[in-house]
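Undergrad: Let me begin by handing over the structure; questions about it come next.
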Amino acid sequence: MSSNDNTTAAAEENIPKMRVIRVGTRKSQLARIQTDSVVATLKALYPGLQFDIIAMSTTGDKILDTALSKIGEKSLFTKELEYALEKNERENPCDAVVFHPRFVGKTLETLPEKSVVGTSSLRRAAQLQRKFPHLEFKSIRGNLNTRLRKLDEQQEFSAIILAAAGLKRMGWQNRVGQILHPEECMYAVGQGALGVEVRAKDQDILDLVGILHDPETLLCCIAERAFLRHLEGGCSVPVAVHTAMKDGQLYLTGGVWSLDGSDSMQETMQASIGVPAQHEDGPEDDPQLVGITAQNIPRVAQLAAENLGISLANLLLNKGAKNILDVARQLNDAH
């Protein structure tokens, strides 16, 4: 039996009793593309099941005239969704720059003085203002289609910053003019990873989607989410990360910034975490960490990743990060 046959056989053993599974998703084109890709994989693994995709509008979709950092909700684009997958394989987590047609071939460094760059993220604006002080950064809202239309059809923005993963999933790689590597702009927690949320007591569905886990991505996301949670970060403060797994070591870099990028703090820590086999036998008790359920990944590896995130957050807090974050929240609220 081939490895693919083994995977299919294992999947069929855990097939839920129900035959129709309802999958909720945002209405945006990117959300649908990502949802369709997950459902297509599940259909191949479970040909006897039927999947109904239900599109809905979330809080973040409905409020388009206010910067994300001002709305106050931590789950703007997920609160109304019924289901989601644990972390699956990760695309490039870095940010990308898309330029107005008249600036194609430029980089952020070579854009003219006072050029306006659009981003909905305080994290991006804070880091990039520090590195490119000749540029001005302004909030831009809307889904990817809307933002690209604003860039192309209006003269307000010279460029916009978007997640490279989203552009790739939309098939718009040709619009990427520059990739921002972590030394230029660290990325958001979980950026590039696909996730599906499942109700905690839906054991059948947890079993169904568990086969999709990518262990390395999952452990990186646990470390990142633990770091953010312990800092009590969110959309209203600039917090960013960079993770890498090498030779059984998980490296986590985390940073916090003031809103204008003038004050910042970054540190890196590492922990020994062997990447486990994807489908270890036997679920763990109480398997959820920082909102991620991973029943087929050894608990010891998950705890090591979580402890790495918490330890890095404590290191920054002990060095004064709380003051930077408190001031950033206050200034953001005041504006």
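Undergrad: What are the residues in region 32-60 that are modelled with pLDDT under 85 and out of contact with any Phe, Trp or Tyr (no Cβ under 6 Å at 6 or more places or on another chain), if any? Reasoning before the result, please.
TA: First, pick out the residues of region 32-60 that are modelled with pLDDT under 85: 54-60.
Scanning region 32-60 gives Ile54, Ala55, Met56, Ser57, Thr59.
For every residue, the table says whether it meets (1) open to solvent by 50 Å² or more (accessible area, probe 1.4 Å); (2) assigned to a strand (DSSP E or B).
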position: Ile161; (1), (2): no, yes
position: Ala165; (1), (2): no, no
position: Gln191; (1), (2): no, no
position: Ala200; (1), (2): yes, no
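Undergrad: Does any residue of region 252-260 turn out to be open to solvent by 30 Å² or more (accessible area, probe 1.4 Å), in contact with a Pro (Cβ under 8 Å, 6 or more places away or on another chain) and under 19 Å from Lys322 (Cβ atoms)? Explain how you work it out, then say what you get.
TA: Of region 252-260, the ones open to solvent by 30 Å² or more (accessible area, probe 1.4 Å) are 259-260.
Narrowing the set further to residues that are in contact with a Pro (Cβ under 8 Å, 6 or more places away or on another chain) leaves 259.
Imposing the further condition that a residue be under 19 Å from Lys322 (Cβ atoms) reduces the set to 259.
Within region 252-260, one or more residues are open to solvent by 30 Å² or more (accessible area, probe 1.4 Å), in contact with a Pro (Cβ under 8 Å, 6 or more places away or on another chain) and under 19 Å from Lys322 (Cβ atoms).
Undergrad: Among Val300, Val275, Val256, Val237, which is over 20 Å from His213 (Cβ atoms) and at pLDDT below 95?
TA: On the way: Val300 fails: over 20 Å from His213 (Cβ atoms); Val275 fails: over 20 Å from His213 (Cβ atoms); Val256 fails: at pLDDT below 95.
Residue meeting the stated conditions: Val237.
Undergrad: Continuing with the same structure: Open to solvent by 10 Å² or more (accessible area, probe 1.4 Å) and under 22 Å from the mean Cα position of the chain (by Cα): is that true of Ile310 in this structure?
TA: Numbers: open to solvent by 10 Å² or more (accessible area, probe 1.4 Å): yes; under 22 Å from the mean Cα position of the chain (by Cα): yes.
Yes; evaluated as a whole, the condition is true for this residue.
Undergrad: Considering every residue within region 212-229, establish whether at least one is more than 19 Å from Gly291 (Cβ to Cβ) and touching a helix residue (DSSP H, G or I) at 6+ places or on another chain (Cβ under 6 Å). Walk me through it before giving the result.
TA: Filtering region 212-229 down to residues more than 19 Å from Gly291 (Cβ to Cβ) leaves none.
Checking region 212-229: not a single residue is more than 19 Å from Gly291 (Cβ to Cβ) and touching a helix residue (DSSP H, G or I) at 6+ places or on another chain (Cβ under 6 Å).
Undergrad: Within the set of pairs 6 or more residues apart or between chains, which connect a residue that is over 24 Å from Leu135 (Cα atoms) inside region 148-175 to a residue that is open to solvent by 60 Å² or more (accessible area, probe 1.4 Å) and in a helix (DSSP H, G or I) with Cβ atoms less than 7 Å apart?
TA: If the second residue must be open to solvent by 60 Å² or more (accessible area, probe 1.4 Å) and in a helix (DSSP H, G or I), the pairs left are Met170/Gln29.
Undergrad: Also, quick follow-up: Please state which one of Val104, Val97 is among the hydrophobic types (A, V, I, L, M, F, W, C) and more than 25 Å from the chain's Cα centre (by Cα).
TA: Working: Val97 fails: more than 25 Å from the chain's Cα centre (by Cα).
On inspection, the qualifying residue turns out to be Val104.
Undergrad: Follow-up question, since we're still on this one. Could you figure out which of (1) out of contact with any helix residue (DSSP H, G or I) (no Cβ under 9 Å at 6 or more places or on another chain); (2) closer than 20 Å to Gly233 by Cβ; (3) among the small types (Gly, Ala, Ser) isn't true of Ala165?
TA: (2)
Undergrad: Is it true that Glu153 is over 14 Å from the mean Cα position of the chain (by Cα), acidic (Asp, Glu) and either at pLDDT below 95 or outside the structural domain of Val38 (by the TED database) (or both)? First the steps, then the outcome.
TA: Values: over 14 Å from the mean Cα position of the chain (by Cα): yes; acidic (Asp, Glu): yes; either at pLDDT below 95 or outside the structural domain of Val38 (by the TED database) (or both): yes.
Yes: the conditions hold for Glu153.
The values are calculated or read from the model by the stated rules, or taken from the named source; none is laboratory data. Just so it is clear, the model here is predicted, and its values are computed rather than measured. Backbone-built Cβ (ideal geometry, glycine too); neighbour counts: all protein chains shown. Side chains included, ligands, DNA and RNA excluded: accessible areas come from the protein's heavy atoms. Shrake-Rupley method; radii C 1.70, N 1.55, O 1.52, S 1.80 Å.
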